[in-house]
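Just so you know, all these numbers are worked out from the coordinates, no wet-lab data involved. What you see is a predicted model; the values in this text were computed from it and never measured. Every residue, glycine as well, gets a Cβ built from its backbone with ideal geometry; the counts of neighbours run over all protein chains shown.
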Amino acid sequence: MRIVSFNANGIRSAARKGFFEWLDTAQVDVLCVQETKAQITDVQGDPQFFPKGWQVQFRDAVKKGYSGVAIYARAQPDAVLTELGAPEFDDEGRYLEYRFGNLSVVSLYLPSGSSGEARQASKDRFLAFFLPLLRQWKASGREYVICGDWNIAHRNIDLKNWRGNLKNSGFLPHERAWLDTLFDEVGFVDGFRARHPEAEGDGYTWWSNRGQAYANNVGWRIDYQITTPAMAAAITEARVYKDQKFSDHAPLILDYAR
C-alpha cells in the first residue's frame, strides 16, 4: 500500500504544474493533501480534481482560499470523519480521516506560527488540544497513518540551517519537545525516520521560495507520516519525490507491506 502526503500550497496551482498527471502514474493507493486553498465549489465539475477510480473528499476552511485538506483513495472508505471537535481548528479545515477497517489514514495540516505572535499562539493552542486526542487514538487499538504538514522540524538534521532557526517558529524548543513526547511517551513513530534514522538533505520536504533555497537544497523536513508501531514496522520504503516540483513542498511517499 502506497500512501503519499503532499502540501499542495493550492491544489489548483499544483494541478497546473502537472500534479494530477504524476498521480495518474505513481501507483498511489491513498493521497493526503494539505493546504488545498480551495472550496469544493471551486473545483466541483472539473474532472481533473475528481479523477475516475478515486474516492475523493475535501474538508474546506470557512475562509475562502485558505488552508483545507483532502484525501484521495482507490478504495471506498468505511467511514469519513471531518471534525476534531474544536471549532477554531475545524473551521480552518485542518483534519480529515478515512477509515478502512481497523486502519485510519488522516490528512492533517497543523497551524503555522511563522507569520507572527497571534498565529504562533493558535499553533500552541492546537498542540495543547491535539496531544490528548493523539493519546486517545494511540490507546484505541486502531492503526493510524497521520499524514501532514506538521510545521515542526524535529531534530537538527531535519533542516539545513538549524543554528539560525533556534528562535523561529517551526524549530522552537517547546515545539520540538512536543514531538519528543509524541514519539517517546505516547508511542507514535516517525515513518520516514523508521527507515532513514540519520538521513539529512534527502529528507527535506519544504523549501522557502526566497533566494535559491530549492536549488541549493536549503530545506526543512516538516511533512511527516506519523504512525502506530505496527504500521511503522510494515514500512518497506520511504522517500521524498523531487523529480518534478508541484509546490514549495514535495510529496512524501511511504510504502507499507499490507
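Please list 3J(HN,Hα) in residue order for the stretch 93-99, calculated via the Karplus relation 6.51 cos²θ - 1.76 cosθ + 1.60 where θ = phi - 60°; whole Hz, with x for glycine and proline.
x, 10, 8, 8, 9, 9, 10
Once you've got the GNM for the chain with C-alpha springs shorter than 10 Å, pick whichever of ASN161, ASN216, ASN151 has the biggest mean-square fluctuation.
Looking only at ASN161, ASN216, ASN151, the largest GNM fluctuation is found for ASN216.
Within the stretch 54-71, whose backbone N sits under 14 Å from a point 7 Å along Cα→Cβ of SER114?
In the stretch 54-71, the label zone of SER114 (backbone N under 14 Å from the point 7 Å along Cα→Cβ) covers no residue.
Note the full-extension length gain between ASN156 and ARG12 as 0.36 nm times their separation in residues minus their Cα-Cα distance, in nm to one decimal.
48.5 nm
Between the DSSP loop rule and a limit of at most 15 other Cβ atoms within 10 Å, which GluC sites (Glu not before Pro) in the stretch 160-258 are left?
Loop-located and lightly packed - GLU198.
Using the reciprocal of the averaged 1/r over all distinct C-alpha pairs, how large is the Kirkwood radius of the stretch 115-183 in Å?
Numbers: mean 1/r = 0.0751 Å⁻¹.
After inverting the mean inverse Cα-Cα distance, the result is 13.3 Å.
Mind running the shape call on the stretch 55-185? Use the C-alpha gyration tensor, a ≥ b ≥ c as the square roots of the eigenvalues: rounded below 1.5 for a/c, prolate if a/b tops b/c, oblate otherwise.
Prolate is the answer for the stretch 55-185, as a/c is 1.5 or above and a/b outweighs b/c.
Please check: in the Gaussian network model of the chain (C-alpha springs, under 10 Å), which one of LEU108, LEU182, LEU96 has the largest mean-square fluctuation.
Highest fluctuation among the options: LEU182.
For GLU185, project a label point 7 Å along Cα to C-beta. Then give me every residue of the stretch 95-131 with its amide nitrogen under 18 Å of that point.
124-131
How many nm separate the modelled label positions at ASN168 and ALA128, each set 7 Å beyond the Cα in the direction of the Cβ?
Spacing of the two 7 Å Cα→Cβ label points: 2.6 nm.
Pull up the cross-link candidates among the lysines for LYS63, meaning alpha carbon to alpha carbon under 23 Å and not fewer than 8 places away within one chain.
Cross-link targets: LYS37, LYS123.
Can you flag which of LYS138/LYS160; LYS17/LYS64; LYS64/LYS160; LYS160/LYS245; LYS52/LYS160 are past 30 Å Cα-Cα?
Working: LYS138/LYS160 32 Å; LYS17/LYS64 22 Å; LYS64/LYS160 33 Å; LYS160/LYS245 19 Å; LYS52/LYS160 40 Å.
Distance filter (> 30 Å) returns LYS138/LYS160; LYS64/LYS160; LYS52/LYS160.
Only four residue types carry charge here, +1 at the Cβ of Lys and Arg and -1 at the Cβ of Asp and Glu. Report the dipole size of the chain about the Cα centre in Debye, rounded to the nearest 20.
Computed charge dipole of the chain: roughly 360 debye.
Go ahead and set up a Gaussian network model of the chain, Cα springs under 10 Å, then flag whichever of ASP24, ASP60, ASP202 fluctuates most.
ASP24
Taking the Cβ of each residue in HIS249, HIS196, HIS154 as the centre, tally the other Cβ atoms inside 10 Å and list the residues starting with the fewest.
Arranged by neighbour count, lowest to highest, HIS249, HIS196, HIS154 become HIS196, HIS154, HIS249.
Roughly how many debye, to the nearest 20, is the charge dipole of the stretch 155-258 about its Cα centre, given +1 on each Lys and Arg Cβ, -1 on each Asp and Glu Cβ, and no other charges? Kindly include the intermediate steps, with their values, before the conclusion.
Numbers: 13 positive and 14 negative charges, 69 e Å.
The calculation lands at about 340 debye.
Please go through the stretch 189-248 and write out the trypsin sites (Lys or Arg not before Pro) that DSSP classes as loop and that have at most 13 other C-beta atoms within 10 Å.
When the trypsin sites (Lys or Arg not before Pro) of the stretch 189-248 are filtered for loop state and at most 13 Cβ neighbours within 10 Å, ARG210 remain.
May I ask you to derive the FRET efficiency for ARG258 and ASP90 from their Cβ-Cβ distance with R0 = 41 Å, giving the value to the nearest 0.05?
My answer for the efficiency is 0.85.
Grab the beta carbon distance between GLN76 and ALA26, set R0 = 30 Å, and tell me the FRET efficiency rounded to 0.05.
According to the calculation, E is roughly 0.90.
Which residue, chosen from ILE157, GLY45, GLN136, occupies the Cα position most advanced towards the positive end of the dipole of the stretch 2-256, where the dipole is computed from +1 (Lys, Arg) and -1 (Asp, Glu) charges on Cβ about the Cα centre?
Farthest towards the positive end: ILE157.
Name the shape class, rounded, prolate or oblate, that the alpha-carbon gyration tensor gives for the chain, where a ≥ b ≥ c are the square roots of its eigenvalues, rounded holds for a/c under 1.5, and otherwise prolate holds if a/b is larger than b/c and oblate otherwise.
rounded
Answer rounded, prolate or oblate for the stretch 37-92, using the Cα gyration tensor with square roots of eigenvalues a ≥ b ≥ c: rounded when a/c is under 1.5, else prolate when a/b is larger than b/c, else oblate.
It comes out oblate by the Cα gyration axes.
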